[in-house]
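Everything below concerns the one structure shown next.
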Protein chains: 2
Amino acid sequence: MPREKDVEALKTIVTESPIPVIADIHFNYTLALKAIDAGAHCVRLNPGNIGGPDKVAQVAAKATAAGVPMRIGVNSGSLPKHLHELERESPVEALVQAAVEFVELMESLDFENFKVSIKSTNVPNTIAANRLLAEKIEYPIHLGITEAGTKWSGSLKSAVGLGTLLADGVGDTIRISLSTFHAEEEVKVAWEILKALQLRERGPVLIACPTCGRLQFDMDTVVAEIEQRLEQYTEPVEVAVLGCAVNGIGEASHADFGITGAKNEGLIFAHGKPLRKVPQDDLVDALFEEIDKSLDRGAVDVDAQKAAEGAEWLQRIEDENADELTPERIAQMEAAAAKEKGVDVTAEPFLKPVGGNGEAGRERPKLDEDASPVTGRRFTRA
Amino acid sequence: MPREKDVEALKTIVTESPIPVIADIHFNYTLALKAIDAGAHCVRLNPGNIGGPDKVAQVAAKATAAGVPMRIGVNSGSLPKHLHELERESPVEALVQAAVEFVELMESLDFENFKVSIKSTNVPNTIAANRLLAEKIEYPIHLGITEAGTKWSGSLKSAVGLGTLLADGVGDTIRISLSTFHAEEEVKVAWEILKALQLRERGPVLIACPTCGRLQFDMDTVVAEIEQRLEQYTEPVEVAVLGCAVNGIGEASHADFGITGAKNEGLIFAHGKPLRKVPQDDLVDALFEEIDKSLDRGAVDVDAQKAAEGAEWLQRIEDENADELTPERIAQMEAAAAKEKGVDVTAEPFLKPVGGNGEAGRERPKLDEDASPVTGRRFTRA
């Protein structure tokens with residue numbers, strides 16, 4: 001809020017905003033007073049650049065009268081002059097010292113309705129300074145990495161810095177500062193960090209394996225479609241997409257829903273239990289049918305017969321991939337499969353093992369990894 | 001490496017790869033033996049699904065003979081049966097117990113050339129398990145979040161989980177597991193996490209402020225262009241893009257190069273010192289001229305006169321934004337500006353303050369925030 005005319009805008013914003021509005025004030029304490037009069041829900045200021053303790057006292061008095069909290073912010077770029085020598089020796093201690101001095105100033109003014117932030121572009125310094133600050137003060141702490149960068153690098157930098165602090169319970173409010181065309185990206189990243197640490201639930205969680213040599217369906221496309229369709233959901237439903245059933249379903253037994261696919265068919269499961277198997281092309285639609293049904297009914301709808309068929313399909317894969325999948329056993333299974341009349345080998349589970357090359361004279365399934373739709377696609381080369 | 005025929009492919013990959021190649025083995029210990037014969041630089045296996053201690057012993061013996069290390073991996077989805085009850089009570093303790101038992105197995109086989117990984121899709125469990133493991137064993141630890149998700153959410157989840165551990169020195173190698181069309185994204189994210197924590201340097205670092213009400217140039221576009229052009233550089237040059245000179249240049253004094261812009265002109269600085277001011281349209285080109293010159297010469301090339309002009313420009317902004325920018329002072333400055341003959345107000349520094357509305361009869365600069373190129377653009381609404 002750098003200008004007088006922003007006061008008028010703030011009045012409208014405060015009235016129409018569905019969320020609390022914090023006025024960011026620099027240098028000009030009269031704008032802080034006017035922001036409070038305009039109805040700001042919180043005022044952010046740096047007590048070091050507002051014109052001295054008497055000006056801070058005036059803002060604190062008005063904030064107290066209005067019941068408005070403040071955020072007291074310290075930035076690595078603008079520490080008080082008497083801390084510059086300490087800053088050269090230990091930037092972290094200088095940041096914390098500045099924050100503690102501001103806290104003491106506010107306490108001397110009998111104002112304690114505030115949170116404190118220490119911000120820096122340097123992630124290790126931000127982590128160390130906020131850990132130290134949390135040991136020294138009892139007030140809430142606001143976290144952020146300033147000038148983090150663009151949507152991609154800035155988000156990652158913020159996730160590392162804020163995630164590290166939040167994982168240990170340091171931090172009460174957060175800001176993701178991105179240089180982006182779309183400011184709402186900041187909020188999305190903030191939610192994702194909170195969700196990763198299970199500090200907040202909001203909207204679906206998508207789990208997807210990175211795929212490996214066993215993959216034999218076009219999983220990247222399926223995942224992309226599921227992610228897109230999940231954006232319409234606000235419920236904290238957890239969905240797992242697994243390239244194979246070997247470790248996958250066990251690892252994803254906590255997921256509300258999941259799918260795992262083969263070349264031509266796949267399995268829909270819920271909480272680690274098979275629901276039904278469906279043709280590959282219907283996998284995503286069928287998954288969302290199950291999700292929608294469960295959200296409508298509040299419980300997963302299990303069709304006993306379909307579940308049994310799905311379980312049978314899964315059992316077949318698990319049998320083929322039991323603890324000891326020795327070359328001997330693979331050869332045995334291949335021989336058995338080749339003997340089956342009219343078997344459509346391309347419809348076999350993708351984990352169907354293929355034996356070694358060069359053993360002439362033995363019948364083999366026609367399943368060929370080279371024909372995999374994903375061959376040569378996942379790695380792009382310039 | 002799930003198939004016999006992969007052995008032949010591995011031989012070629014190992015020969016042609018510029019980086020070490022790790023063979024990922026499940027179930028089939030003979031493939032582990034063949035992978036070592038094929039020249040794999042490391043073998044990853046789960047001692048619990050390879051067919052018993054005698055099979056593990058055979059792999060260990062061959063690895064010892066070949067001088068090949070192993071990665072011993074534990075996944076939350078496939079813990080040994082005797083740990084399932086512990087897993088229900090404490091998933092974290094069960095994961096660590098499984099890893100410790102595998103370590104003891106390897107030690108009983110006189111094999112100690114390994115690293116250990118505990119992977120889970122659950123970020124808090126991954127953090128807790130690896131912290132506990134690091135207390136219990138002396139071997140290197142490999143970190144990863146399995147099935148993290150897509151490029152966006154999976155990267156953030158990994159940054160939170162791995163960043164938290166790496167920030168405290170836990171973890172020696174890392175894998176980012178993404179469900180993405182472009183597997184190389186995993187490596188880019190890994191580097192970004194290491195760079196954020198200053199554990200590794202690689203390529204440029206771009207710092208960019210998130211912009212605020214004081215911004216008056218098209219910074220998002222400038223940042224996007226700079227990020228794109230920096231991709232051509234491998235040097236660890238740090239570049240800062242700041243929306244304003246107030247806190248910015250102080251905060252970015254560690255940056256090798258930086259720019260800050262106004263409506264029609266901007267400043268290029270290096271290590272917090274002005275280099276030269278340039279017209280807005282030439283800002284990015286001029287920045288890269290300076291970067292290229294410095295990389296060629298190994299030192300920043302300072303033109304004393306241009307630096308002085310830049311410093312003067314900066315001083316003018318700083319004067320206008322000194323500690324006490326009271327309404328009275330703003331009015332005084334505005335009056336002075338309005339008296340200047342033929343002044344091109346649009347070319348004034350963007351921090352040129354604009355007084356309150358509604359005070360009729362006073363001459364005002366024509367600078368109008370409503371005409372800002374960024375007005376109404378940063379927030380997109382559906």
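The values are calculated or read from the model by the stated rules, or taken from the named source; none is laboratory data. Keep in mind that what you see is a predicted model, and the values were worked out from it rather than measured. For neighbour counting, all protein chains shown are included, and Cβ atoms are generated from backbone atoms with ideal geometry for every residue, glycine included. Keep in mind that these areas ignore ligands, DNA and RNA; they rest on the heavy atoms of the full protein, side chains included. Shrake-Rupley method; radii C 1.70, N 1.55, O 1.52, S 1.80 Å.
Roughly what would the spin-label model give for B:Glu235 and B:Glu101, points 7 Å off Cα along C-beta, in nm?
5.5 nm
Would you mind giving the mean number of other chain beta-carbons within 10 Å of the Cβ of each residue in A:181-193, as a whole number?
Working: counts 9, 5, 7, 5, 2, 1, 0, 3, 3, 0, 1, 9, 5.
Mean partner shielding for this stretch: 4.
Using mean Cβ contacts within 10 Å as the protection proxy, how do A:303-316, B:157-170 order, highest first? Could you put the intermediate results ahead of the total?
On the way: A:303-316: 14.5, B:157-170: 25.3.
Highest to lowest by the protection proxy: B:157-170, A:303-316.
Ignoring ligands, DNA and RNA, what percent of the 1.4 Å accessible area of segment A:102-157 is carbon and sulfur? Spell out each step's value before the answer.
Working: 910 of 1950 Å².
For segment A:102-157, the apolar C and S fraction of the accessible surface comes to 47 percent.
Could you compute how much accessible area chains B and A hide from each other, both sides summed, with a 1.4 Å probe? Nearest 100 Å² is fine.
So the buried area, both faces added, is about 7900 Å².
Lys and Arg at +1, Asp and Glu at -1: add these up for the other residues within a Cβ distance under 10 Å of A:Asp168 and post the number.
Details: positive: A:Arg131; negative: B:Asp168.
Neighbour charge sum, excluding A:Asp168 itself: 0.
Over 29 Å between Cα atoms, which of A:Lys306/B:Lys119; B:Lys151/B:Lys195; B:Lys11/B:Lys195; A:Lys119/B:Lys273; A:Lys136/B:Lys273; A:Lys277/B:Lys81 qualify? Each step should come with its number before you reach the end.
Details: A:Lys306/B:Lys119 32 Å; B:Lys151/B:Lys195 18 Å; B:Lys11/B:Lys195 33 Å; A:Lys119/B:Lys273 22 Å; A:Lys136/B:Lys273 35 Å; A:Lys277/B:Lys81 27 Å.
Violating the 29 Å Cα-Cα cut-off are A:Lys306/B:Lys119; B:Lys11/B:Lys195; A:Lys136/B:Lys273.
If I model a spin label at A:Ala183 and B:Ser17 as a point 7 Å from the Cα along the Cα→Cβ vector, what separation in nanometres do I get?
It is 4.7 nm.
What residues qualify as long-range amide H neighbours of A:Met70, i.e. H under 5 Å apart, gap of 5 or more or another chain, H built at 1.01 Å from N?
So A:Met70 has HN proximity to A:Val43, A:Phe114, A:Lys115.
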